[in-house]
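Please treat every number below as a calculation from the coordinates, not as lab data. Bear in mind that the values here come from a model prediction, so they are computed numbers and not experimental data. Counting neighbours? That spans all protein chains shown, and the Cβs are built from the backbone with ideal geometry, glycine included.
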Amino acid sequence: KRVLFAESDKDFVDILFSFLTLPLGTIVRLFNKQSQIGCLDELYRSVESLGEEHFQTRDCRTMLLRPVNAAAAHCDQLKVKVDADQTGIH
């Protein structure tokens, strides 16, 4: 019941690492707030329903709802990429 050694090609490892770079807010958004990752769906909906007057700027709200990968420049060569717009994974 234990894996002691696994072997795969570079493409498969790159795809796995690509998934690890996704911000949680992006995962929730891509799954239409039905990701079932603990309470993150409800937290996302709560931030979404808050008015802009509760944030310093409109960009603050946008940063919470559409997070950007902090290491995006380093992840450009990975197989799975997340666009900044609504197209999601391409």
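Between residue 40 and residue 3, the distance separating the two model label sites (each 7 Å from Cα on the Cα→Cβ line) works out to 2.0 nm.
Seen from residue 48, the other residues with C-beta closer than 15 Å to its C-beta sum to a net charge of +2, counting Lys and Arg as +1 and Asp and Glu as -1.
Modelled spin labels at residue 24 and residue 48, positioned 7 Å past Cα toward Cβ, are 1.7 nm from each other.
Sequentially through region 42-52, phi angles give Karplus couplings (6.51, -1.76, 1.60; θ = phi - 60°) of 5, 5, 4, 4, 5, 5, 4, 7, 5, x, 5 Hz, Gly and Pro residues having no value and appearing as x.
In terms of the mean number of neighbouring beta-carbon atoms within 10 Å, the peptides 48-60, 26-38 order highest first as 26-38, 48-60. Only alpha carbons enter this Debye calculation for region 10-75, each as an equal point scatterer, and the log10 of I(q)/I(0) it gives at q = 0.13, 0.16, 0.17 Å⁻¹ is -0.44, -0.62, -0.68. Distance between the modelled labels on residue 15 and residue 64, one decimal in nanometres: 3.5 nm (7 Å Cα→Cβ projection).
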